[in-house]
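The values are calculated or read from the model by the stated rules, or taken from the named source; none is laboratory data. Because the structure is predicted, anything quoted here is derived from the model rather than measured. Neighbour counts are summed over all protein chains in view; Cβ atoms, including those assigned to glycine, are modelled from backbone coordinates with ideal geometry.
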Amino acid sequence: MLIILGIYNLLTSKYHEAEAKDIKVNMTFLLDLNTLKMKIYEFARILGILLDNAIEASSECDEKIINITFRNDSKNNRQLITIENTYQNKNIDTEKIFEKGVSEKENHTGLGLWEVRKIIKKNNNANLFTSKTDKFFSQQLELY
């Protein structure tokens, strides 16, 4: 239980950070974090990076929105964590952003998503799907 409090603390901290930048955050919890199918420190690292990126990207938009969903997909026996946010650069390359040293942001190392991909690769029960629409950039973490 104590470990799970760390995740809630991370979410609370990122929520307040987004709120301070006038970003509307919608959060849906349909998943018991005690049942996570990933080491908690790896999950926290991934979640922190994805939320930092979502806050950064949506803060530059006229309409600032982040939607975060935690849910079970019992039909496919997986847990889904989806983070979607408004974004400006519609030409963003959803593959290139995972390369080491690639960053859309000034004075950033471009290691965040590279590190996320590294963690995903070493877990044989995890996938990350990145997609975009005209309005939202989306990262969906799937844990089997």
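Could you check the range 39-62 and list, in sequence order, the residues that are of a type in the set (A, V, I, L, M) and either at pLDDT 95 or above or within 17 Å of Phe98 (Cβ to Cβ) (or both)?
Those that are of a type in the set (A, V, I, L, M) and either at pLDDT 95 or above or within 17 Å of Phe98 (Cβ to Cβ) (or both): Ala44, Ile46, Leu47, Ile49, Leu50, Leu51, Ala54, Ile55, Ala57.
Give me the pairs: first residue in the range 62-90 and on the phi < 0 side of the Ramachandran plot, second residue of a type in the set (Lys, Arg) and at pLDDT below 95, beta-carbon distance under 8 Å, and six or more apart or on different chains, which are they?
Note: pairs meeting the criteria are Gln79/Lys37.
Please find, among Asp73, Asp52, the residue that is over 19 Å from Arg117 (Cα atoms) and surrounded by fewer than 17 Cβ atoms within 10 Å (Cβ to Cβ).
Asp73
Quick one: Thr12 ticks every box in (1) part of a helix (DSSP H, G or I); (2) closer than 15 Å to Leu141 by Cα; (3) without any contact (Cβ under 8 Å) to a residue 40 or more places away in the chain bar one, so which box is it?
Of (1) part of a helix (DSSP H, G or I); (2) closer than 15 Å to Leu141 by Cα; (3) without any contact (Cβ under 8 Å) to a residue 40 or more places away in the chain, only one is false for Thr12: (2).
For the range 25-144, please list each of the strands (runs of 3 or more DSSP E) lying entirely inside it that holds at least 3 residues being out of contact with any strand residue (DSSP E or B) (no Cβ under 8 Å at 6 or more places or on another chain) and more than 19 Å from Thr12 (Cβ to Cβ).
none
Specify the residue that is surrounded by the most Cβ atoms within 10 Å (Cβ to Cβ); the eligible residues are those in the range 1-38 that are of a type in the set (Lys, Arg) and modelled with pLDDT of 95 or more.
By that ranking, first place goes to Lys14.
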